[in-house]
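K.L.:
Got a structure for you, written out below as structure tokens; questions coming shortly.
The values are calculated or read from the model by the stated rules, or taken from the named source; none is laboratory data. All values reported here derive from a predicted model rather than from experimental measurement. Reconstructed Cβ throughout: ideal geometry from the backbone, glycine too, with neighbour counts over all protein chains shown. We work out accessible area using only protein heavy atoms, side chains counted, and drop any ligands, DNA or RNA first. Shrake-Rupley method; radii C 1.70, N 1.55, O 1.52, S 1.80 Å.
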Amino acid sequence: MEPNSKQIYSSADFVKKQLAESEHRFHALYENAAEGIYFTDPAEKKIIHANPAFARMMGYSLEELRGLSVYDFVSDAKENIDQRMHMLHVTQQATIAERKYRARDGRVLDVEVSASVIPLEGREVLVTIVHNVTERKEAEIELKSSERRFRTLFANVPLPAWVFDLETSKFLEVNDAALVLYGYTKEEFFSMRVSDLRVKEDVSQLRAALEIIQTRQFDSTEAQHRKKDGSIIDVFISWHEVSYGGKPSVLVVAQDITEAKQSKEELERAKHLAELASNAKTDFLTNMSHEIRTPMNGILGTIGLLLQTSLTEEQREYIETIRVSGDALLNILNDILDFSKIETGKAVIEEHACRLCAVIEETLELFAMQAEEKGVDLNYWIEPEVPALLLTDVVRVRQIFSNLVSNAIKFTGEGEINITVARKSETDEHIELLVSVHDTGIGIPKERINRLFKPFSQVDTSTTRKFGGTGLGLAISARSIELLGGKIWVESSIGLGSTFYFTIKAKKDTKENNHAAVEPLVQGKKYALVVDDHAEGREKLSKLIMQWGFEVDTADSIDAAMQYMAASHQYEIFVIDHGIDADSGLRLIVQIRTNPQYHVTPIIAIVSRSKHIDLPATKAAFLTLVTKPIHHQHLYDVIAQALHRQQQPAKEQASHSPSSRIQPSVLPAMKVLAVEDNLINQKLIVRILKISGIEADVADNGYAAVELEIQNHYDVIFMDVQMPEMDGYEATKRIREKIPRSQQPVIIAMTA
Ligand code: ADP
């Protein structure tokens, strides 16, 4: 019996062990499952036990869940819940259903539940397994609405669009706009492949495009498509890789650009033709004006010679008229040549050391006589922070100033013209200047202002107009300014005057100390009285004198000056620009001198160059005359000298600032060759050299020049640049090659 009983014992043991293991497994599953699981008492409808996953899902703690009524979290009517639980109890069949559960915080969760009845500890309980599908549901809803949006958009965009299968290239979807454009029905489209839209030559391109699509999600291109009626259109297409019904597909949006393309091509053709015509015109102008300048040079040169011969007054007058007209004609030719050079892009920007104040002074000097005749005062002011020396195209800068000042004088009856230069911006290497040229002239009507910088535009275009000109000056200036990295604009009011502004960029000369401080002329508080009836001139003059260390009082009339003298400071110096040649200016000088305080105080009188000044010697002592326009450095030197002289009194006479008249001089003896193909200009240069005491040889082309140089070894060669057979450049090159270094001539190029 024993072995048997032992056997029975061990089989019971085995069952027990098995049971324990199974329970253990269930427990592990129950505790760690991702799904929520809970047990309910079917009679009381309360939770007996729930697993941690369910607690997490619902936001309750395990303790809170125990005893919780199903009515509290199943989001349904009580009768429905009761009925369902009853049915389950009766049928004992497991059910799977979608339900809504309310979490502890009130959120409603979408859940899939499967419930069944199981025996537990001697009674029947309900076990429910809960799978939270809230997120999946939300995603499904979002997908549906996005799909709806896509459909609406796809159907309603005015651009043709379609979807095709990336693998088979078959159309999967087309919108109405595509049907309208291509002329196929939807059914026809669905029986076609995308390649059927392309023109034959384009199919290989399509193949390449399809390969690109596989690696890139988006692309766009231009292509040619064929419509159902056989006509060919240009389209711009963009495609996106999409998944359509689970298949890799491509969404294409097309735009018919046939017309736009045609008109663009036509426009480009027309533009090209217009440019050709315009270049031909400017080329012609360039050549013409160059050709005309050569004889003009002959005419003007010969007139110059003629004027040096003995002539009657009448002859001289006629020739003077020819000279003035010839000069004017040459100016116009220069304008045209310059303009056409800029227009055809032949203008190059050079870089030289440029002393801005010299450029401005030279420009003002050029127009000084004209300004004086009209009674127009010329002034300039350069802000101290502007470097004295710049690297820029000095020829262009001079031309811009000269154009603007020439206009300002032309259109100003009386008053002032003021140039100011300020710094606009600066880097380590560059400076941007802001220049203004202000006049008190006739002004420019608002509606004409924006045309002003276009070529051949003048405000007054009537044939009876008062002012001459080609209407090219501002156009040239504007182009030059553009080349120098700046722009030009104007502000103007009719009757009050105009201010032309421009900016240019220039390099700073880093080699030179550019901001050398000005040495003050006086120490301590010393006063100067500046008398000037022109407001801006007065301001500029006093700024200048202040810069040199003086305290400055300014008076705009003789009377104001007298009042200052009577009541104000002790003056070290008087600077008077008040029509000194007119009576009032003289009156002021006499008044100053009769004041015992000011017997020997220096007076600087700024005067016109053309007027003669007659002063008794007693009045002229310690009086220095400075001619207009004022050169700042010169005025500084004059004041310095005057102060110095006053400290070492001696008998002084009125001294005039140095005259700029050039003395005709005779050149030292030298051997000169003139190379020039134009007969008149040949004669001209020979004559001019003869007046200077030189007998020159003549060659009429480059070959002859080289030959003569080899024979004669000249000191100087005047070389025309443009010549038939061999031009001046080539001739110069050969001379430089052939002649030994020590015997090389100086070669001076001549060109019209
Ligand atoms: P022009 O050779 O005719 O002077 P510009 O191009 O230099 O050619 O000037 C064009 C026109 O602009 C002038 O004819 C004139 O009508 C107007 N203009 C230019 N500068 C001034 C100014 N400072 N004051 C008034 N009008 C001016």
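K.L.:
Among the residues in region 245-256, are any at pLDDT 90 or above, of a type outside the set (G, A, S) and open to solvent by 90 Å² or more (accessible area, probe 1.4 Å)?
P.N.:
No, there is no match, as no residue in region 245-256 is at pLDDT 90 or above, of a type outside the set (G, A, S) and open to solvent by 90 Å² or more (accessible area, probe 1.4 Å).
K.L.:
Only one of R741, R734 is of a type in the set (K, R), surrounded by 14 or more Cβ atoms within 10 Å (Cβ to Cβ) and more than 26 Å from L337 (Cα to Cα); which?
P.N.:
The match here is R734.
K.L.:
Take region 207-221 and flag every residue that is open to solvent by 90 Å² or more (accessible area, probe 1.4 Å) and touching a helix residue (DSSP H, G or I) at 6+ places or on another chain (Cβ under 9 Å).
P.N.:
Correct list: R207 only.
K.L.:
Among the residues of region 357-372, how many are within 32 Å of the chain's Cα centre (by Cα) and either of a type outside the set (S, T, N, Q) or at pLDDT 90 or above (or both)?
P.N.:
7
K.L.:
Residue by residue through region 188-203, note down the ones that are within 17 Å of V235 (Cα to Cα) and in a helix (DSSP H, G or I).
P.N.:
If the condition is that a residue be within 17 Å of V235 (Cα to Cα) and in a helix (DSSP H, G or I), then V194, S195, D196, L197, K200, E201, D202, V203 are the ones that fit.
K.L.:
Out of all the residues in region 397-456, which are on the phi > 0 side of the Ramachandran plot, more than 8 Å from the ligand (Cβ to nearest atom) and open to solvent by less than 30 Å² (accessible area, probe 1.4 Å)?
P.N.:
Within region 397-456, G415 is the sole residue that qualifies.
K.L.:
All but one of (1) surrounded by fewer than 11 Cβ atoms within 10 Å (Cβ to Cβ); (2) under 30 Å from L143 (Cβ atoms) hold for S231; state the number of the condition that does not hold.
P.N.:
(2)
K.L.:
Right, another one. Regarding region 373-394, can at least one residue be identified that is in a helix (DSSP H, G or I) and either away from the ligand (no atom under 15 Å from the Cβ) or under 28 Å from the mean Cα position of the chain (by Cα) (or both)?
P.N.:
Yes, region 373-394 has at least one match.
K.L.:
With respect to the numbered conditions (1) over 22 Å from M296 (Cα atoms); (2) aliphatic (A, V, I, L, M); (3) buried (at least 18 other Cβ atoms within 10 Å of the Cβ), which one is the sole condition not fulfilled by M719?
P.N.:
All conditions pass for M719, except number (1).
K.L.:
Here's another thing I want to ask about it. Quick check on L484: is it surrounded by fewer than 18 Cβ atoms within 10 Å (Cβ to Cβ) and within 24 Å of H352 (Cβ to Cβ)?
P.N.:
no
K.L.:
For region 321-344, give me the residue count where each residue is basic (K, R) and over 25 Å from the mean Cα position of the chain (by Cα).
P.N.:
Summing the residues that are basic (K, R) and over 25 Å from the mean Cα position of the chain (by Cα) in region 321-344 gives 1.
K.L.:
Only one residue in L300, L329 is assigned to a helix (DSSP H, G or I), within 16 Å of the ligand (Cβ to nearest atom) and touching a residue at least 24 places away in the same chain (Cβ under 8 Å), so which one is that?
P.N.:
So the residue among L300, L329 that is assigned to a helix (DSSP H, G or I), within 16 Å of the ligand (Cβ to nearest atom) and touching a residue at least 24 places away in the same chain (Cβ under 8 Å) is L329.
K.L.:
Which of (1) open to solvent by 100 Å² or more (accessible area, probe 1.4 Å); (2) modelled with pLDDT of 90 or more; (3) in contact with a strand residue (DSSP E or B) (Cβ under 6 Å, 6 or more places away or on another chain) is the odd one out, the single condition E35 does not satisfy?
P.N.:
Failing condition for E35: (1).
K.L.:
Are there helices (runs of 4 or more DSSP H) fully within region 510-614 with at least 3 residues that are at pLDDT 85 or above and open to solvent by 50 Å² or more (accessible area, probe 1.4 Å)? List them.
P.N.:
By residue number, 535-547, 558-567.
K.L.:
If you don't mind, another one. Six or more apart or on different chains, Cβ under 8 Å: which pairs go from a residue in region 477-490 that's of a type in the set (G, A, S) to one that's in a helix (DSSP H, G or I) and more than 15 Å from the ligand (Cβ to nearest atom)? Could you list them?
P.N.:
S480/R396
K.L.:
Here's another thing I want to ask about it. Residue check: is S278 touching a Leu at 6+ places or on another chain (Cβ under 6 Å) and assigned to a helix (DSSP H, G or I)?
P.N.:
No.
K.L.:
Tell me which residues, restricted to region 104-134, are outside any strand (DSSP E or B) and more than 16 Å from R56 (Cα to Cα).
P.N.:
E121, G122 - these are the residues of region 104-134 that are outside any strand (DSSP E or B) and more than 16 Å from R56 (Cα to Cα).
K.L.:
Can you name the residue in region 492-509 that is touching a residue at least 60 places away in the same chain (Cβ under 8 Å) and of a type in the set (A, V, I, L, M) and is also farthest from the ligand (Cβ to nearest atom) among such residues?
P.N.:
A506
K.L.:
Just checking, does region 461-475 include any residue being in contact (Cβ under 8 Å) with a residue 60 or more places away in the chain and more than 9 Å from the ligand (Cβ to nearest atom)?
P.N.:
There is no residue in region 461-475 that is in contact (Cβ under 8 Å) with a residue 60 or more places away in the chain and more than 9 Å from the ligand (Cβ to nearest atom).
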